[in-house]
Amino acid sequence: MDDAVFIGGPEKRAIVIEDYDPAWAARFQQVQASLREALGPRARRIEHFGSTAVPGLAAKGIIDVLVAVEDADDEADYGPALEAHGYAIRVRQPGHRMYRTPEDDVHVHVFTDASDAARTRLLFRDWLRHDAGDRRLYEDTKRELARQEWDATNDYSSAKGAVVAEIMGRAQRWAATRAPRAGSVTPGPSSTTVPAASWPARNGGRGPPG
């Protein structure tokens, strides 16, 4: 996240990794409905991603949501609507914004639709759902890092980088064998997609949360 601007500066918060909780999926459904109401057709896709979207994977318990819009850098198009529904901006970087609830229990990541950054996050989720070995590796890594002291929460996220890159290499090889490719998710209980015919005409990120 070298190019990211953190609104409010670095934060130090306790990193607590919780066992997987099926209630996370239900919480996402509530958030999804709120975002549909807030954004309407501006949200081309709403996906549950990050660790809380992977059954069986321990996580920090923060619901990460990916919202695909026409242009994530056009913050004026969607930002006021999110703020009116209680979300405050935390991160700005090219092609990506992150908003969160006051309780910091939901993070809404806005990406440009069909961008590599968005596809990468969905692929990482899909692969962890698929592969028990990498799911275990990722959980073990998070639990080990959570036992350490960090000056800022984002330092914990950055420390996962080497393992994330290793896992992503396998995920990308897996994706290359699939049609349609991973990251182009068939809509299901963790996603909602506006029919392509109704989308506006035009279509641009960093390590996974959790």
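The values are calculated or read from the model by the stated rules, or taken from the named source; none is laboratory data. Bear in mind that the values here come from a model prediction, so they are computed numbers and not experimental data. Note: ideal-geometry Cβ built from the backbone for every residue, glycine included; neighbour counts use all protein chains shown.
Conditions tested, residue by residue: (1) among the aliphatic types (A, V, I, L, M); (2) touching a strand residue (DSSP E or B) at 6+ places or on another chain (Cβ under 9 Å); (3) more than 26 Å from Arg173 (Cα to Cα); (4) surrounded by fewer than 19 Cβ atoms within 10 Å (Cβ to Cβ).
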{"position": "His109", "(1), (2), (3), (4)": "no, yes, no, no"}
{"position": "Arg125", "(1), (2), (3), (4)": "no, yes, no, no"}
{"position": "His130", "(1), (2), (3), (4)": "no, no, no, yes"}
{"position": "Arg136", "(1), (2), (3), (4)": "no, no, no, yes"}
{"position": "Trp150", "(1), (2), (3), (4)": "no, no, yes, yes"}
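Any residue in region 36-54 that is touching a helix residue (DSSP H, G or I) at 6+ places or on another chain (Cβ under 6 Å) and basic (Lys, Arg)? Yes; the residues of region 36-54 include at least one that is touching a helix residue (DSSP H, G or I) at 6+ places or on another chain (Cβ under 6 Å) and basic (Lys, Arg).
When you check Val108 against the structure, is it out of contact with any Gly (no Cβ under 9 Å at 6 or more places or on another chain), in a strand (DSSP E or B) and either acidic (Asp, Glu) or closer than 14 Å to Ala38 by Cβ (or both), yes or no? Judged against the criteria, Val108 is a match.
Would you be able to tell me the number of residues in region 71-90 that are among the hydroxyl-bearing types (Ser, Thr, Tyr) and closer than 20 Å to Gly9 by Cα? Step through it out loud before you land on a result.
If we filter region 71-90 for residues that are among the hydroxyl-bearing types (Ser, Thr, Tyr), which is where we start, we get 78, 87.
Retained after the next criterion (residues that are closer than 20 Å to Gly9 by Cα): 87.
Residues meeting the conditions: 1.
Any idea which of (1) in a loop (DSSP other than H, G, I, E, B); (2) within 28 Å of Gly9 (Cβ to Cβ); (3) of a type in the set (Gly, Ala, Ser) is the one Ala114 doesn't satisfy? For Ala114, the failing item is (2). Of the residues making up region 5-19, those that are surrounded by 16 or more Cβ atoms within 10 Å (Cβ to Cβ) and over 19 Å from Pro102 (Cβ atoms) are Ile15, Ile17.
Candidates Val31, Val16: the one that is in a helix (DSSP H, G or I) and either in contact with a Gly (Cβ under 7 Å, 6 or more places away or on another chain) or β-branched (Val, Ile, Thr) (or both) is Val31.
Rundown of residues vs (1) modelled with pLDDT under 95; (2) within 25 Å of Pro80 (Cβ to Cβ), yes/no style:
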residue: Asp151; (1), (2): yes, no
residue: Val164; (1), (2): no, no
residue: Ser184; (1), (2): yes, no
residue: Asn203; (1), (2): yes, yes
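Look at Val67 and say whether it is among the aliphatic types (A, V, I, L, M) and either within 12 Å of Pro209 (Cβ to Cβ) or at pLDDT below 95 (or both). No: the conditions fail for Val67. Go through the residues of region 142-149 one by one and say whether even a single one is part of a helix (DSSP H, G or I), of a type in the set (S, T, N, Q), out of contact with any Gly (no Cβ under 9 Å at 6 or more places or on another chain) and closer than 15 Å to Lys60 by Cβ. No; the residues of region 142-149 include none that is part of a helix (DSSP H, G or I), of a type in the set (S, T, N, Q), out of contact with any Gly (no Cβ under 9 Å at 6 or more places or on another chain) and closer than 15 Å to Lys60 by Cβ.
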